[in-house]
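Please treat every number below as a calculation from the coordinates, not as lab data. This is a predicted model, so every value here is computed, not measured. A quick note on method: Cβ atoms are made from the backbone with ideal geometry, for glycine too, and the neighbour counts reach across all protein chains shown.
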Amino acid sequence: MKYLFFVFILLSCSEKKQEVVLASAGAPSQSEVPSKNLNNEAPKIRTKNDNQKKEVSKAPDFFGLEWYNSKHERIKNIRLADIKGKLTFIDVFIKTCPGCPKSHKIFKKIYNKYKNRKDVQFFGIQSVSYGHERNNLEGLKEIRKEYGFDFPMAQDDQAVVIAQYGAGGTPWNIVIGPEGTIEHNYFFISEEDADKYVSTLLK
């Protein structure tokens, strides 16, 4: 019994001595080392590029929007049924958004590349949650003219689309698959992403 007590004392002294050596060398003690908490990782927004298998969500139907053609003339409301069977790219923005010009330029390249395909559709939606006096119909018209967008565009004064898709702001890009599924729902979309959606979702 005395022997075991003596061994315990020796081990305790040895551990304390080791802590002193580590501290003098500038190494952090165990209490200073941050523990990893994997549960604190921010959730990923679902995109088609995620390698993990994700649940596929159905796109909500359009409502509360005012739609305009390439001549900026009011047209009938567009519904999901109108684009069934098509791969649809949507550019969501507001006129005063600082990051939207970059998004518009990328979107224009994608549009120019696929605009002649009958199974691909493009929309632009100004979804306004603030600054209504500047992000108005005139602003929508200016964006169309500046970037040469000939596809249907909509004015969303109640920010319905932002709410429907849980957008974190603008710019925001959405891709709806031929079967009405949300394939991309994120701030930006790259040309490479667009190419993948076209090659994998269209026959």
- Measuring from its Cα centre, segment 115-203 shows a charge dipole (+1 at each Lys and Arg Cβ, -1 at each Asp and Glu Cβ) which, in debye to the nearest 20, is 220
- Exposure proxy ranking, count of Cβ atoms within 10 Å, fewest first, for W172, W67: W67, W172
- Message: Can you pull out the trypsin sites (Lys or Arg not before Pro) in segment 101-185 whose DSSP state is coil and whose Cβ has at most 11 other Cβ atoms within 10 Å?
- Response: K118
- Grab the beta carbon distance between N69 and T200, set R0 = 22 Å, and tell me the FRET efficiency rounded to 0.05. 0.15
